[in-house]
Amino acid sequence: MVRLADMNTNNLHLLERKLLQVMSNRNEAELEDLVNDSGLTVDQIRRSVEWLKEKNLIEVKMTEMKLISLGKEGENIKQNGLPEKRLVNKLKTGEEIELSELPKKIDLNQDELSAALGYARAEKWITIFKKDNKVMIRREGKESESKIEGLLNKISEPLELSEFSSEEQGILRSLVKRPEYISHEVVKKTRIKITKDGLEISKNIKDDNYIDVLTPKMLESGEWRNASLRPLNVESPAPTIYSGKKHPVRIFIDEVREIFVSLGFQEVEGSIVQSSFWNFDALFTPQDHPAREIQDTFYIENEKASLEVDEQILKNVESVHKDGANTGSKGWRYQWNIEQARRMVMRTHTTCVSVKNLADNKPDEARVFSVGRVFRNEKVTFKNLVEFHQIEGIVVGKDVTLRDLMGLLTKFYKKLGFEKIKFWPSFFPYTEPSLQSMVYHEGLGRWIELGGMGIFRPEVTRPLGVKNPVLAWGSGLERLVMLRYGIDDVRKLYENDLDWLRGIPLCP
Amino acid sequence: MPVVTVYYDRMFSMLKDKISKDQLIEKIPYLGLDIEEESDEYIKIEYNPNRPDYSTDYGIARSLNSFLDFETEYSEYDIHESEFVINVDKSTEQVRQYIVAAVIKDVKLDDETIRQIITMQEDLHNGIGRKRKKVAIGIHNLDVIKSPLEYITVDDSFSFIPLNKDSDMTVKEILNSEIGNQYAGILSGHKRYPIIRDANKQVLSFPPIINGDLTKLDSKTTNLFIDVTGTDLDAVSNALSVLFTTLNDAGGKVHSVEINVDGSKIKTPEIKDDAMEVETEYVRSLLGLEISDKEIIKYLRRCRISGEISGNKVVVKTEPFRFDLIHPVDVIEEIGLGYGIHNLEPTLPGSNMTGGFDEKQLFLDKVRDVLTGLGLIEIMTIGLISEDMLEKSEMSTSELLKVVDTKSIEHEVLKNSNVPAILKTFSKNIHKKYPQRIFEVSKVFGKRDNEIHENYQLTVGLAHATVNFTEASSYLNAFGKQLLDIDLSTKASENEIFVKGRAAEIIDEEGIKIGAIGEIKPQVLENFALRTPISLFDIDLDQLMKKRNSKNE
């Protein structure tokens, strides 16, 4: 809150000054009136009202008014009289008439007639009695202006409920039963009143030699030389604007890609839908392995791969599953079935892409990486998704060793910001030896498990025609993204909440 | 991953030297094990499915004793003779061909030991047993059994008293009841069913379904008869190896059983004299360690593998349950473990390789750059969606690729378009500030020429109170110009998701259709409970890339 003493009119926005000037003349007004007086739009007035209210220069009172006006039927009654009055006027005083004769005498339908009879009787304008087994009506001749008529006559324009006496309000309530006699609406009104402080300040608003807006016309004409630009409240907040941006997971993926490339790795990518051959068989995973079950893997319904794979590779893989072929392995000792290999899956890892790459190029030396989406048939929870990203790197070389793998990982994680790394043994079906790594997260102050690695088993690489050892490592990506942004629930990453997306800074 | 519970008091009594709880917890991971849970009395250890010998604390203790150098020699397993024989009927070949067995005497079975053995049995059933199909194990009270036993087949009217029941049930009844239906599928299609019974025609077991009640164990049992049946001889023998070695470590004396099949007699458990040869240079080069032959032997011994140098090779022999060692690399890993993984110093390999980005991914990077430059926000959604989402978008659900047995209907079909996800994202953000301008670049799936086809799709969605076709068109033009300096034009057409008369095909400079653009139908907006109009366009990025590549040639 700015103190009155510190406020000078230069602290006020152009719109605020305009409004204060208008209010100082009027003292109190409705919002609509201000539009007319000031020449500002409703939106502009609303905004300046808010600002002035904050500064205590005006007061705002919100009131609700209940307005009563005549409905369609109410208008009709005003013109032609109440139906019960019209009914009664059709008879002479003292005249008696059979009930059944009435419809002929008066243009009211059955319902309206019954209602009119009821009201007329209540007003004691008629009596209803039985004579010779017939129902008779007699006009008593005691009519006066009914209170209802009086009330309806009073309503020549919408009136506030407060302008009716309590007796009248009672009658109004009873009229609600009679269709379209009365209509009411609730109107919200905003009354604006200038405060004492506001009045004080407004005295200082003069037309002075300041320009508020510099226009091209002023620049062209040179007018700007005759006055200076009014100082603004440069400390007030400005309207928010949003920028376009990439998804935070994408930003992280790009960082990881940069790291790989800087370490001399070539990016490769491949299909998401793979044959079981590349996803499992070529990776020496036996056909009855639990990971191949539908509980864990998404198989595509009714789809079989044509398996356009080198005949020799197919033969080699079959052999190696059966008895290790010439790789020096015992193999899995079962009969490999090519039909199983044809079943199509949503890939469960990006390793099938790496391995296909090896099969295509049969390199003696290579450094290859991929970052891609993989799928697991799991229930979605705060830490598991059905679809997530995997990063994978492979190195082929004549003399590469397990220690080289550890060295590369150390360098890779260092570039990701993790200075300390530990290794210990692990198990993966297609690498041997295999290791797991843990890195120290400074922010959390603890070690976190990150990534697995190993040397591809010869049962994987030899059938594809690769003779040199192949180092491989991989890890999930989402965990790292969650750590960076302090998120506990992995699902949040893909909710695409615009507030979150808009709010993520590029330098976290 | 399977888990074993190890009580400290039992473990310390099995270890041959003193070690503190802390030291124990520190060393265990270097055997390749993960500590899952810790308490004052026990630790829960997660082990890999290729080492079922770790399914009991006996197995863990056995490894630790060698690994920690508490034991530097280990003895082979003594298998004594027994008079037990199983005569195998040829008919079993059709339904469940293989059977092996062993007798274990003088075992001390306290509650925890029994619990450990049951865990081991379950692991063997689920792991190498592939849910009892390949391996089923029966553990029986030896003292109520009389030899010779027979392994025969019977028809479904055969009856016996199954475990924990008081009266006879027929095979048919068992298979249809709750005690039998879990694994009944393994025997489906067969008319004759395997049964093991003793000389008094008492049923020991109906594998893989259930044991007989007669031979059940109780706290007084000290002598065991173990049968292992299955469809894979290796699996069955390996399972028995894990069992008898563990029970041996539990103090039992192992006796063999003679299996009489088709005239030939074999005694099980069989200890194979398999040896594997590993080139010592291979050891050094794979690990990256200049270690001597002597050191190789020492490190092997830490993993309970005996090695003998023979020229440039080391010849190794392992314990019967180490069927996970199928290639020299498996042995090399053991040597690495024996050396101590924490002792391995990382090295950096030299390389002349230069890195690079994939061309397609670079193109997509530029696509994203252009769109973010135009002020749009990228969203990322999943590749599997529900049919319901397509229906809400009024898009056809015929010819969709589906996945089998999904765990959630949210993920049942492969998306053939990003549009439903874009609309869903808008509907989740109706309370956020407008204008909302978003895009997605991701793979969509479909079939082309009868083959599954994937391509990258760009979808741009614009939502605010006064959005219209023209605005989408402006973005489309800017996109084409900024990315490839091409003019993308729009040709009037009809489209199931767009308002009639406000839909068009996106055409490239050669007249090829590469996408669609339009204003979303109000019915679709209603389906997603949206309250602002939405304009949208879709482009097949693979096609666009092809254009760019041919342009550059």
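The values are calculated or read from the model by the stated rules, or taken from the named source; none is laboratory data. Bear in mind that the values here come from a model prediction, so they are computed numbers and not experimental data. Neighbour counts run over all protein chains shown; Cβ positions are idealised from the backbone, glycine included. The area values use the complete protein model at the heavy-atom level, side chains included, leaving out ligands, DNA and RNA. Shrake-Rupley method; radii C 1.70, N 1.55, O 1.52, S 1.80 Å.
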Just to compare against my own numbers: the Cα pair-distance distribution for the protein assembly as shown, 10 Å bins, whole % per bin, please. 2, 8, 13, 14, 14, 12, 10, 8, 7, 6, 5, 2, 1, 0, 0
Which value results for Rg/Rh of segment B:485-553 when Rg is the Cα radius of gyration and Rh the Kirkwood radius based on the inverse mean 1/r? 1.09
Alpha-carbon Rg/Rh ratio, for segment A:366-508, with Rh computed the Kirkwood way: 1.01
Which value results when the Cα radius of gyration for segment A:224-292 is divided by 2.2 N^0.38 Å? 2.55
How large is the Kirkwood hydrodynamic radius of segment B:347-498, in angstrom, based on all distinct alpha carbon pairs? 17.8 Å
May I ask for the net charge around B:N429, where only other residues with Cβ less than 13 Å from the Cβ of B:N429 are counted and Lys, Arg are +1 while Asp, Glu are -1? +4
Mean projected area (nm²) of the alpha-carbon convex hull when segment B:1-108 is viewed from all directions: 9.8 nm²
Quick one: P(r) of chain B from all Cα-Cα pairs, 10 Å bins, percents rounded to integers, in order of increasing distance. 3, 14, 17, 13, 12, 15, 14, 9, 2, 0
Report, to the nearest whole %, how much of the accessible area of chain A belongs to carbon and sulfur atoms, 1.4 Å probe, protein only. 48 percent
Can you pull the Kirkwood radius for segment B:54-188, inverse mean 1/r over Cα pairs, to one decimal in Å? 18.1 Å
So what is the 222 nm mean residue ellipticity for chain A from helices alone, if each DSSP H run of at least 4 adds -39500 (n - 2.57) and you divide by all residues, rounding to the nearest 500 deg cm²/dmol? -10000 deg cm²/dmol
Would you mind pulling out the separation of the Cα centroids of segment A:102-153 and segment B:434-495, in Å? 74 Å
Cα-based helix-to-principal-axis angle, A:166-175 vs chain A, degrees rounded to 10: 70 degrees
extent check for segment A:425-506: Cα max minus min per principal axis, descending, whole Å, gives 52, 29, 20
Between B:K546 and B:D274, Cβ-based FRET efficiency (R0 56 Å, step 0.05) works out to 0.50
In segment B:266-316, if every C-alpha pair distance is counted and binned at 5 Å from zero, what percent goes to each bin? 5, 20, 26, 23, 10, 6, 6, 4, 1
Quick check: residue separation of B:H453 and B:D9 times 0.36 nm, minus the Cα distance between them. What number comes out in nm? 153.9 nm
Averaged over every viewing direction, what's the projected area of the C-alpha convex hull for segment B:198-313? Give it in nm², one decimal, please. 11.6 nm²
Average other protein chain Cβ within 10 Å of Cβ, residues A:256-268: 4
How many times 2.2 N^0.38 Å is the alpha carbon radius of gyration of segment B:239-386? 1.82
Specify the angular offset, from 0 to 90 degrees and rounded to the nearest 10, of the alpha carbon long axis of helix A:14-26 from the longest principal axis of the alpha carbons in chain A. 20 degrees
Probe 1.4 Å, protein heavy atoms only: A and B together bury a total accessible area in Å², to the nearest 100, of 7500 Å²
Can you list the lysines whose alpha carbon sits under 16 Å from that of A:K398, skipping same-chain ones fewer than 8 residues off? A:K362, A:K467
Pairwise FRET efficiency - B:E81 versus B:N468, Cβ, R0 = 56 Å, nearest 0.05: 0.05
Distance between modelled label sites at B:E391 and A:E163, nm, 7 Å Cα→Cβ extension: 5.7 nm
Can you give me the Rg/Rh ratio for chain A, using Cα atoms for both radii and the Kirkwood formula for Rh? 1.34
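Counting only protein chains, not ligands or nucleic acids, how are B:H453, B:H140, A:H13 ordered by accessible area (probe 1.4 Å), most first?
Output order, biggest surface exposure first: A:H13, B:H453, B:H140.
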Between A:K304 and A:R491, what FRET efficiency comes out of the Förster formula 1/(1 + (r/R0)^6) with R0 = 35 Å and r the beta carbon distance, rounded to 0.05? 0.55
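If each DSSP helix of 4+ residues adds -39,500 (n - 2.57) and the sum is divided by the residues in chain B, what number results at 222 nm, nearest 500 deg cm²/dmol?
Result for chain B, helices only: -8500 deg cm²/dmol.
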